[in-house]
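Peer 1: Below you will find the structure I want to go over with you.
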Amino acid sequence: MAKASLITIGDEILIGQIIDTNGAWIGQELTSLGIDVVQRLSIGDDQGDIIDALVSAQSKSKLVIVTGGLGPTKDDVTKSAITEFFGVDLYFDEENFKWITTIFERYG
């Protein structure tokens, strides 16, 4: 059976400001697909903690799913933590930006 880890990132989850319903739903869906969820981690908005969680999850699972709280903010460290973990840089993809813009324009 395939093994999966789920990481939920966000201070608002840790302090109880919001409930991690996404994590519960993802866990149920993975289980229904025959995937064994071996760990769920909820961590705050700290770059070191995010990297530590990724290392832990990668050591236990073939599939790692990362989900977050309320959305991106100017002080969000998730992107920089993930790029550091994978040893890559971020780049702006103009073609995808145009595609996403078209979708939002279609819905007003």
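Peer 1: For the stretch 1-40, which residues satisfy the criterion of being over 14 Å from the mean Cα position of the chain (by Cα) and in contact (Cβ under 8 Å) with a residue 40 or more places away in the chain?
Peer 2: Ala2, Lys3, Glu12, Ile18
Peer 1: When residues of the stretch 59-100 are filtered for being at pLDDT below 95, open to solvent by less than 70 Å² (accessible area, probe 1.4 Å) and either of a type outside the set (A, V, I, L, M, F, W, C) or in a loop (DSSP other than H, G, I, E, B) (or both), how many remain?
Peer 2: 9
Peer 1: Applying the selection to the stretch 44-58, what residues are surrounded by 12 or more Cβ atoms within 10 Å (Cβ to Cβ) and either touching a strand residue (DSSP E or B) at 6+ places or on another chain (Cβ under 6 Å) or part of a helix (DSSP H, G or I) (or both)?
Peer 2: Gln47, Asp49, Ile50, Ile51, Asp52, Ala53, Leu54, Ser56, Ala57, Gln58
Peer 1: Yes or no: the stretch 3-11 includes at least one residue that is out of contact with any strand residue (DSSP E or B) (no Cβ under 9 Å at 6 or more places or on another chain) and open to solvent by 80 Å² or more (accessible area, probe 1.4 Å).
Peer 2: no
The values are calculated or read from the model by the stated rules, or taken from the named source; none is laboratory data. Nothing here was measured: the structure is a model prediction, and the numbers come from that model. All Cβ positions, even for glycine, are placed from backbone atoms using ideal geometry, and neighbour counts span all protein chains on display. Heavy atoms of the whole protein, side chains included, go into the accessibility calculation; ligands, DNA and RNA do not. Shrake-Rupley method; radii C 1.70, N 1.55, O 1.52, S 1.80 Å.
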